[in-house]
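Visitor: Quick one: the structure is below, and I'll ask about it shortly.
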Amino acid sequence: QVQLVESGGGLVQPGGSLRLSCAASGSLFSIYAMGWYRRAPGKQRELVAAITSGGRTNYANSVKGRFTISRDNAKNTVYLQMNSLKPEDTAVYYCNADIYSSSYWGQGTQVTVSS
């Protein structure tokens, strides 16, 4: 079992920044594929950003150039730096870890972008 704990969400004004963190359990973190997803009210969950064990990243078109995903294998942590936030970024953000054929999820952290 892999446990994921997200932190860093909150209320921010449009144009502001937040950094989400996701701490993972287990000694195999370096080989996990990690991702951030979000679910906005009334919408389906969508992939925001992902990073492979080798550090390759991909992003949703809606966040390219504004969000950056990174990982620190020494700390078993993946980050999502979110800049130039927009009201449409408001959602619950979830951390995901994939290893072998299993997928694990965190409990989610709320991000609200509003003036």
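The values are calculated or read from the model by the stated rules, or taken from the named source; none is laboratory data. From a predicted model like this one, the values you see are computed outputs, not experimental measurements. Neighbour counts are summed over all protein chains in view; Cβ atoms, including those assigned to glycine, are modelled from backbone coordinates with ideal geometry. SASA here: full protein model, heavy atoms, side chains in, ligands and nucleic acids out. Shrake-Rupley method; radii C 1.70, N 1.55, O 1.52, S 1.80 Å.
Visitor: Please tell me if Thr112 is surrounded by fewer than 17 Cβ atoms within 10 Å (Cβ to Cβ) and in contact with a Leu (Cβ under 6 Å, 6 or more places away or on another chain).
Guide: yes
Visitor: Return the residue satisfying two criteria in turn: it lies in region 37-72 and is open to solvent by less than 30 Å² (accessible area, probe 1.4 Å) and not in a strand (DSSP E or B), and of such residues it is farthest from Thr112 (Cα to Cα). Lay out the reasoning, then the answer.
Guide: Kept after step one, since they are open to solvent by less than 30 Å² (accessible area, probe 1.4 Å), are these residues of region 37-72: 38, 40, 48-51, 60, 63, 66-67, 69.
If we keep only those that are not in a strand (DSSP E or B) too, we end up with 40, 60, 63, 66.
Working: Ala40: 10, Ala60: 19, Val63: 15, Arg66: 16 Å.
Out of the qualifying residues, it is Ala60.
Visitor: Could you list, in sequence order, the residues of region 73-115 that are part of a helix (DSSP H, G or I) and closer than 14 Å to Phe29 by Cβ?
Guide: Asn73, Ala74, Lys75
Visitor: Next question, about the same structure. When the residues of region 16-31 are filtered to those that are in a loop (DSSP other than H, G, I, E, B) and more than 22 Å from Leu85 (Cβ to Cβ), which remaining residue is nearest to the chain's Cα centre (by Cα)?
Guide: Let us first name the residues in region 16-31 that are in a loop (DSSP other than H, G, I, E, B), namely 16-17, 25-28.
With the extra rule that they be more than 22 Å from Leu85 (Cβ to Cβ), the set shrinks to 25-28.
Numbers: Ser25: 16, Gly26: 18, Ser27: 20, Leu28: 19 Å.
Restricting to residues being in a loop (DSSP other than H, G, I, E, B) and more than 22 Å from Leu85 (Cβ to Cβ), the top hit is Ser25.
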